[in-house]
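These notes are about the structure you will find just below.
The values are calculated or read from the model by the stated rules, or taken from the named source; none is laboratory data. Only a predicted model underlies this, so the values are computations on that prediction, with no experimental measurement involved. Because the Cβ atoms are built from the backbone with ideal geometry, glycine has one as well, and the counts that use them run over all protein chains shown. Just the protein is used for accessible areas: all its heavy atoms, side chains included, with ligands, DNA and RNA removed. Shrake-Rupley method; radii C 1.70, N 1.55, O 1.52, S 1.80 Å.
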Amino acid sequence: MTIYIYRFLFPVCLIFCLTMVGIGQNEFEIMSYKEKKTYEIGGVIIVGAENRDRNAIKSIAGIREGGKIQIPGPAIPAAIKALLKLRLFDDVQIIQEKIEGEIVFLKIILVERPILSRWSYKGVKNSQHEDLNDLVKNIITKGGIVTDDQKELARQKIRNFYVEKGKLDTEVKVSEFPEEGKTANVRVEFVIDTKDRVKVQDIIIEGNKAYSSRKLRKKMSKTKRKGTFLKKSKFIQKDFEEDLKSITKFYHSEGYKNMAVVTDTFYRNKDKNVVIKINIDEGKRHFFRDIKWKGNSLYSDEQLYTILGISKGDVYNPELLQNRLKFSLDGRDISSLYLDDGYLGFDVTPVEVAVERDSVDIEMRIFEGPQFTVENVVITGNDRTNEHIVRREIRTRPGEKFSRSDIIRSQREIIALGYFNPEALGINTPVNQSRGTVNIEYKLEEKPSDQLELSAGYGGFSGLIGTLGVVFNNFSIANAKDKSTWSPLPQGDGQKLSLRVQSNSRFFKSYNFSFTEPWLGGKRPRSLTIGAVQTAFDYSLSGQGKLKITRGFIGIGSQMKWPDDFFSSNTTLNIENINLDNYRSGGFAITKGTFNNFSLKQTFTRSSVSDPLFPRRGSKVSVSLQITPPYSLFRKTQFFIPDAAQRQAIIDELVLTNGPAMPITEAEINSKIAELSDAKKFQWLEYHKWKISTEWYYNIFDKMVVAGIAKFGILGSFNKDIGIPPFERFELGGDGINNQNAGLQGKEILALRGYATSDITGNGVQTSSGGFQGAPIFNKFTLELRYPLSLNPNSTIYLTSFLQGGNAYRSFKEYNPFDLKRSAGFGARVFLPMFGLLGFNYGWGFDKTVQTGGSFGTFNIVLGFEPE
């Protein structure tokens, strides 16, 4: 019984005691509250945070000498809270140091957080540090305080960076260390273990009946299984979601308008790879049935049906429908019909008014709106180029009806100038509804357009060869007196001035000059080009003779309006003199004589190429004819028939060439007479030369571009007795660099990647000098895939892979367009505004004969221009 009483009394006593303690505490608080008193602050001492401004700390805390403070009261807790809010201190204490009458002295004790002096990475390559710094520097800063929350956020950012690259198992640890030699400073180290990239083991698709899983997996351009050719396998959630959208878009374009992805899951197998499982519901395939128009008053239903190009029974394709209504690259859409006629507010909305079984009825609800005219055309950003140079290229004019196609064409023409950054070109069209007008604003950004060529190389026997060339693409004669436009020569009028000098001082010299005024007279797009070229080879010291070619030319170019304004015409008059003095180094059938080449060249070109540096769409077709007067129709053909003295002179020359010990044969004498006879009959060159060139560009996806190029040329004669001249012929093979100066060697050199000129037997017959005479016929076909690494106008860079085939033929009888020298390879191009085009090609020739120790592969350098 006693035990039970104790058990009862003990908890009762415990509760009583705790209650009394609580009452006592409350009474103390009440007593303390009653003892609150206001003091004057006599002094404030700050302990810690030696590098911080004392006055600033006092201001933030709200505690200063001479101020009033109630103790106890809210001022001290508020001061502590304000200082902690700065996140500069780990601990803040404010204590009463002493009281003298009505004056109190306080002490603020601060424990400062360490300052971040630097951070580093461990476990990853140095090349990745810059990308990681871009992430981390927005979270933590050198010289600032780093908190645990900031370190955790930086850790997550770094991990996500690698997860987005397919390395799902990346681990990141953050460590903090005192900085040696610096008090109150720390450094942070991110230890990164990326582990292996997680690959996609398999992609399982269920529910698909109309299309195979293999075909659907091909629509997934970013998420690929292990073993996919030329594609890394990795799992990235964002890319996977994009691929699901691609599958859905594909189904919708094939008429399965209700197709949906029911579930998409993934799991890790025993090899830690990802297995993806996609379950889809295809639904029923639908077709267009009735298409009706509502709200159209300007154009009849029949006209709109014709442009739409969709008929009853066609597969229901919402993407095609939108393209035909809103915007199509070929201009075949309903919007273009209205927008090109000034109806800027036009809109058309397709509405599904009925869906019965597999048929869909569409009602096109049209809002035509008012017709707008152009009020002002504003050009900004042309800091160096005069405004009239830009204004004469654009097709939009004040007072004319608004036209979208004119804006698109104006954009193309501005880019074609080459003076402005195509990526930064902006066009705004602010509308004034009350006045029915629209302003068109072209926002431009100038880019460097001048080019410098400066190079030197050592050619062994030829010695040091130096090249200096400059091209001023935005030159201005009119601004010569305005020193503010000089950079380094006067700029702003779109004229082109080109100067080039190349020499090795002993054997070779070449001078090149040209000037182009693109708008002769300033009223119409009619260009004037004048120029001159002189080239001299002197190998007389080595017994190879001399060659000198002097050429002058003048050309007139104009833009045509028929068949359309993408056509242009260029007419060039050439006057050329070729002098050979026992020249045996150029591969000509004739080694001695003076020849005159007076020709007229007419070229017709149609070009819709959007960007000359990296074309993504459009085409270019060019047809040219270069023709000389048919002299043989006006005068009797002259042949060389030597008399006795001339025959003896020939014999003496052969003796000097072969040496007195070698007998002179009749065949050698006749060969020399034939050569002199050729020199006589070709004194005035007569020929007709035809060339056809086509280029086609198409943007496949993203920035990947396919380019198809075909070229053909033929050199013909007027008189069979005279035949085809030894000059102006085609030589196929090599890098084509020697063709950058027209008439440099009296023949046209065309690049064929993977082959040297000597690999193309059709280049001509071997001459007495050991070279090749050149071919009168050639053709060449190229297919390229191009992908840009940078479209920055200061450094346009792209990679290319190619298939190429071409050949040269000695006569039209031998011509066979399918008899090609085939090659494949890859290359790169870099366009620097100051230096022009630079790059390389590596071509593998499949049909070349390789000597012992030779190679099927050929490496070529591209300098200054793209070889033909």
Once R0 is set to 30 Å, what does the formula 1/(1 + (r/R0)^6) return for the Cβ-Cβ distance between Trp486 and Ile556, expressed as a FRET efficiency to the nearest 0.05?
0.55
Sorted on mean Cβ neighbours within 10 Å (highest first), peptides 682-689, 171-178 come out as 682-689, 171-178
Å³ per residue of the Cα convex hull, for the stretch 357-422?
145
Between Thr380 and Asn816, what FRET efficiency comes out of the Förster formula 1/(1 + (r/R0)^6) with R0 = 45 Å and r the beta carbon distance, rounded to 0.05?
0.20
Using the heavy atoms of the protein chains and a 1.4 angstrom probe, tell me the accessible area per residue for the chain in square angstrom.
54
Only residues of the stretch 773-797 count here: report those whose backbone N is under 14 Å from the spot 7 Å along Cα→Cβ of Ser221, or say none.
786-788
So what does log10 I(q)/I(0) come out to for the stretch 124-182 at q = 0.18, 0.23, 0.27, 0.29 Å⁻¹, using the Debye formula with one equal point on every Cα and no solvent?
-0.71, -1.06, -1.28, -1.35
Cα-based reach from Lys107 at 25 Å (exclusive), listing lysines while leaving out same-chain residues under 8 positions away
Lys34, Lys36, Lys37, Lys58, Lys68, Lys81, Lys85, Lys98
Evaluated at 37 °C and 0.692 mPa s, the Stokes-Einstein D of the stretch 463-526 based on the Kirkwood radius over Cα pairs, in µm²/s, stands at 244
Ignoring ligands and nucleic acids, what accessible area does Lys509 show with a 1.4 Å probe (Å², nearest 10)?
90
Past the 29 Å Cα-Cα mark, which pairs from Lys137/Lys245; Lys257/Lys277; Lys483/Lys620; Lys680/Lys747; Lys219/Lys284; Lys496/Lys711?
Lys137/Lys245; Lys483/Lys620
Given 10 Å bins starting at zero, what is the percent of C-alpha pairs of the stretch 401-445 in each, up to the one with the largest pair distance?
25, 49, 21, 5
So for Phe250, Phe367, Phe730, what's the accessible-area order with a 1.4 Å probe, most first?
Phe367, Phe250, Phe730
Checking a compactness column here: for the stretch 344-456, what do you get for Rg(Cα) / (2.2 N^0.38 Å), N being the number of residues?
1.56
With the contact rule set at Cα under 8 Å and sequence spacing of 6 or more, what percent relative contact order holds for the chain?
5
Across all Cα atoms of the chain, Rg and the largest Cα-Cα distance (Dmax), in Å, are 41.5, 165
Can you list which of the DSSP-assigned H helices in the chain have a Cα extent of 27 Å or more along the long axis and an average Kyte-Doolittle score of at least -1.0?
2-34
Please state the relative contact order of the stretch 407-554 as a whole percent: Cα pairs under 8 Å, 6+ residues apart?
12
Keeping all protein chains in the complex and leaving out DNA, RNA and ligands, what accessible area do you get for Met259 with a 1.4 Å probe, in Å² to the nearest 10?
10
Once the piece of chain linking Lys36 and Leu832 is laid out straight, how much longer is it, given 0.36 nm per residue of separation minus the C-alpha distance between them?
278.7 nm
Hey, what's the Cα Rg ratio for the stretch 237-335 versus the globular rule of thumb, 2.2 N^0.38 Å?
1.52
With all protein chains present, the stretch 164-208 has a carbon and sulfur share of its accessible area (1.4 Å probe) in percent of 41
Starting from the Cα gyration tensor of the stretch 282-337, take the square roots of the eigenvalues, sort them a ≥ b ≥ c, and report rounded, prolate or oblate (rounded when a/c is under 1.5, otherwise prolate if a/b is larger than b/c, else oblate).
oblate
If you place +1 on the Cβ of every Lys and Arg and -1 on the Cβ of every Asp and Glu, how big does the dipole about the Cα centre of the chain come out, in debye to the nearest 20?
1040
Percent of all Cα-Cα pairs per 5 Å bin for the stretch 298-385, counting from 0 up to the last occupied bin, reads 3, 11, 20, 21, 15, 10, 7, 5, 4, 3, 2, 1, 0
On a straight-distance basis, which aspartates and glutamates could pair with Lys509 in a cross-link, Cα separation under 13 angstrom, same-chain partners fewer than 8 positions away excluded?
Asp538
Sequence order, the stretch 281-288: Karplus ³J(HN,Hα) from phi using 6.51 cos²θ - 1.76 cosθ + 1.60, θ = phi - 60°, Hz rounded, Gly and Pro as x, gives 10, 5, x, 9, 7, 10, 9, 5
Over the stretch 68-122, what is the relative contact order in percent, taking alpha-carbon pairs closer than 8 angstrom and at least six residues apart?
26
How big is D, in µm² s⁻¹, for the stretch 557-611 by Stokes-Einstein at 37 °C and 0.692 mPa s if Rh is the Kirkwood radius over C-alpha pairs?
227
For the stretch 469-518, which whole-number percentage of the solvent-accessible area (1.4 Å probe, protein heavy atoms only) is attributable to carbon and sulfur atoms?
62
